[in-house]
Amino acid sequence: MKHDFQVAIIGGGIGGAALARSLDRLGIDYHMFERASALSEVGAGVQMTPNAVKVLEALGLGPDLAAAGFLPEAMVGWNWQSGEELFRTPLREVCPRVFGAEFYHVHRADLHTMLAKDIAPERITFGVSCTGLRQQAGRTIACFDDGSEYAADLVVGADGVRSAVRAALWGQEPASYTGHMCWRALVPVEQFPLPFVTPTSAFWMGPKGHVVTYYVKGGAMVNIVAVNENHDWVEESWTIKSSRQELLDGFAGWNDNLIRLFELTNPDQIYKWGLFDRDPMQRWSRGNATLLGDAAHPMLPFLSQGAAMAVEDGYVLAQALSHFGPGDLGAALDAYEAERRPRTTRVQLEARERGRTYHLSSPEESKARDLAFKLEQAKNPNAVGIKAEWVYQYDARTCRDRFGKSPALSAAS
Ligand SMILES: Cc1cc2nc3c(=O)[nH]c(=O)nc-3n(C[C@H](O)[C@H](O)[C@H](O)COP(=O)(O)OP(=O)(O)OC[C@H]3O[C@@H](n4cnc5c(N)ncnc54)[C@H](O)[C@@H]3O)c2cc1C
C-alpha cells in the first residue's frame, strides 16, 4: 500500500540515494531532482564502517557490499617517517562480533550504484538545479533554474555541502577554511605489484599531515587520501586537478613505502581539495522541508563518516515518516532530528578535533599521543586507535524504538 504523501529529494548523491531506497522499501512516494545529467560519483574510496554497514544490510545491500567491497584486516597507525607501528586495531575478525557488522572499504561509485540501482527512471529529473523554496497551502514548492516548480508534502535537501535548500531555509552559512589541503588518488593494483601495501586501513601520522591508504574494488585498487596543512587555499571543490609532483612535494621526507605508492598514481587522476568547516546547526527542519547528509552537517573527513552519516540520515528520516504517517509531519521531523542531530553534531566536532591530534608537530606532543595509543591498546586490544567505537556501535535499525509511542502507519515496513 502506498502512503498518500509525496517527498521531493533535492540531490542524488549518496544521501539522496539512501533516502530514495529507504522510502521505496516503505512504500512512500518520492521524486528526485539532480542537477547533473546522470547519477555518478567521483573516483575515490569511502570507508563503510559497521554503523553504516548495518543500514546497508537493512536496505538489502549486504550481497552488493560483499561483492564490491574490501574487508581490511585491521586499522594500523604508523609513524610517518620510520614506519614504526603506533597501534593496530583488528577489524575483520572483531567488527562483526563487537559492533554487529563488517567494516568495508568501497569505491564511491560502487556504493552509489548499489544505493541507486532500483530507482525507477521516471522518479528522477536530471539537469535541474534547485534555486529556492516557497510555501503554499501546506506544501513546499521547490523552484528550479529552468523555471519549473514542484509541489511536495516534504522537500528534503540532500544537495551537499553547498546546499541551496539549506540556504533557502536558514540563509547562507559561512564556511571557514581549516588550513588543511587534501589530495586523493587511486593506484590500480593489476598494473603494479604492491607487496609493500598491507591489506589494512593504514594511517600514517606526521607533523602537520596524515595519509590514509586502503584497498577498494575488492582489492583491485588502492585509495590514497593525503592531508597536509597549507594556509593559502581558498576554493571549496572536490574536483580540482593536481599533479603527481605536487603530491610528492607535499610529502617530501615521508616513509619510502608511501613515496613509492605516490609514484605509482595515475598522474591524470590526482585531485586536491581544501577542507572547509561549518559549525553544527541548531535546527535542520522548517515547515515542510528538512536537510540530510552534508547539507545538514558538512564535516571534516577525519573520522571517515560523511557518507556513513548521510546513509544513516536517509534511513532514519524514512523510518520517521513511515512511523508517524502523513498526518503528523511535525512529529516525524522532530523525531528525525532528535535521533540524528546529537549524533552528527558529535561526529562533526570530534572529526574537527582529530585534525589537531593527527598532525601534532612537536616531538613531545606526538610522543605523548603515541604512548597514549600504546596504553589504550594494552587495556583493550579491540579499541580503535582513532577512538571511534561509539561511532561504530550505533544502530540506526532500532531508531523506531526511540521515536516514542506515537501512532505508526499501518503500511510501515
Ligand atoms: C575524497 C573524499 C573521500 C571521502 N571519504 C569518506 C569516507 O571514507 N567515509 C565517509 O563516510 N565519507 C567520506 N567522504 C565524505 C562523503 O563522501 C560525503 O560526506 C558524502 O558524499 C555526503 O553525501 P551527500 O549525499 O550529503 O552529498 P553529496 O554526495 O555531495 O551529493 C549531493 C548531490 O546533490 C547534487 N546537488 C547539489 N546542489 C544541487 C541543487 N541545487 N539542485 C539539485 N541537485 C544538487 C549534487 O550534484 C550531488 O549529486 C569523503 C569525501 C571525499 C571528497
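Before moving on, here are some points about what is shown:
- Region 26-58 - residue that is touching a His at 6+ places or on another chain (Cβ under 8 Å) and at pLDDT below 95 and, of those, surrounded by the fewest Cβ atoms within 10 Å (Cβ to Cβ): SER40
- When residues of region 392-403 are limited to those that are crowded, with 16+ Cβ neighbours inside 10 Å and touching an Asp or Glu at 6+ places or on another chain (Cβ under 8 Å), the one nearest to PHE302 (Cα to Cα): TYR394
- With respect to the conditions (1) closer than 25 Å to GLY325 by Cα; (2) within 14 Å of the ligand (Cβ to nearest atom); (3) acidic (Asp, Glu), GLU34 falls short on a single one, namely (1).
- Neighbours by Cβ (under 7 Å, 6+ apart or cross-chain): first from region 114-129, closer than 27 Å to GLY69 by Cβ; second more than 10 Å from the ligand (Cβ to nearest atom) and outside any helix (DSSP H, G or I): MET114/LEU61; ARG123/TYR30; ARG123/HIS31
- Matching residues, region 174-193, being open to solvent by 70 Å² or more (accessible area, probe 1.4 Å) and either closer than 22 Å to ASP159 by Cα or within 15 Å of the ligand (Cβ to nearest atom) (or both): PRO174
- Number of the exception - LYS241 against (1) surrounded by 14 or more Cβ atoms within 10 Å (Cβ to Cβ); (2) free of Cβ contacts under 8 Å to residues at least 40 places away in the same chain: (1)
- Residues in region 1-25 that are open to solvent by 10 Å² or more (accessible area, probe 1.4 Å), of a type outside the set (D, E, K, R) and either more than 18 Å from GLY306 (Cα to Cα) or away from the ligand (no atom under 16 Å from the Cβ) (or both): MET1, HIS3, PHE5, GLN6.
- Test result for ARG283, within 21 Å of the chain's Cα centre (by Cα), among the basic types (Lys, Arg) and more than 12 Å from the ligand (Cβ to nearest atom): yes
- Taking every residue in region 160-177 that is closer than 15 Å to GLY293 by Cβ and pairing it with any residue that is of a type in the set (Ser, Thr, Tyr), at least 6 positions away or on another chain, the pairs with Cβ-Cβ distances below 7 Å are ALA164/THR131.
The values are calculated or read from the model by the stated rules, or taken from the named source; none is laboratory data. Note that the structure is a prediction, hence the values are computed from the model and not measured. Heads up, the Cβs are rebuilt from the backbone with ideal geometry, glycines too, and the neighbour counts pull from every protein chain shown. Surface accessibility is based on the protein's heavy atoms, side chains included, excluding ligands, DNA and RNA. Shrake-Rupley method; radii C 1.70, N 1.55, O 1.52, S 1.80 Å.
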